[in-house]
Amino acid sequence: MVLGMSLEAFTVLHVVISLVGIASGFVVLFGLLNGGLVDRWTATFLVSTILTSATGYLFPVHRLLPSHVVGGISLVALAIAVAARYRFALAGAWRSTYVVTAMIAFYLNVFVLIVQSFQKIAPLHALAPTGSEGPFKITQLAVLVIFSGLTVAAVRRFKPVAGVGSKAVAAR
């Protein structure tokens, strides 16, 4: 039992929250690449990605796992992203700090999705049963390169319009 739920129900909840984080992360990235904010999607992304990392610590394990380290890094990046967005209102260097830290958290969520996919989806697992084979490494490297390029582009393009919020993207 975790939070009064069976382990299976808690796992489903964790996966759903994670998928919401990933889906909303794509919307947020699209907004950044188009030069603006998508406020409600940003809040959804940040909250669901924080919950994804936080709920990952509630699974019953008795040792530190790589997923705990990834979750910790994600939570640090998310804390900085939240501060940059809501406390410092994206002023000055906080604009690019927000983009980079939000995209790090998004990337880490996708990284874990890929790990889990190779572990749980039979055809992928057959290609990389230990997670150290070529197909897994190539996939992770390709995703890292893509996210790196998209993050650089988002930093260059994201110029929030003060007081306009999500309308900045809709108007373009």
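A few points about this structure:
- Members of the stretch 65-78 found to be open to solvent by 60 Å² or more (accessible area, probe 1.4 Å) and farther than 19 Å from residue 7 by Cα, listed by number: 66, 69, 73, 76
- Scope the stretch 1-22; condition free of Cβ contacts under 8 Å to residues at least 12 places away in the same chain and in contact with a helix residue (DSSP H, G or I) (Cβ under 6 Å, 6 or more places away or on another chain); matching residues: none
- Matching residues, the stretch 1-34, being open to solvent by less than 50 Å² (accessible area, probe 1.4 Å) and among the β-branched types (Val, Ile, Thr): 2, 17, 22, 27, 28
- Only one of 96, 48, 6, 67 that is polar (S, T, N, Q) and within 11 Å of the chain's Cα centre (by Cα): 48
- Residue selected from the stretch 113-163 under the condition of a type in the set (Lys, Arg) and closer than 26 Å to residue 29 by Cα, by the criterion modelled with the lowest pLDDT: 159
The values are calculated or read from the model by the stated rules, or taken from the named source; none is laboratory data. Nothing here was measured: the structure is a model prediction, and the numbers come from that model. Every residue, glycine as well, gets a Cβ built from its backbone with ideal geometry; the counts of neighbours run over all protein chains shown. These area figures cover heavy atoms from the full protein model, side chains too; ligands, DNA and RNA do not enter into them. Shrake-Rupley method; radii C 1.70, N 1.55, O 1.52, S 1.80 Å.
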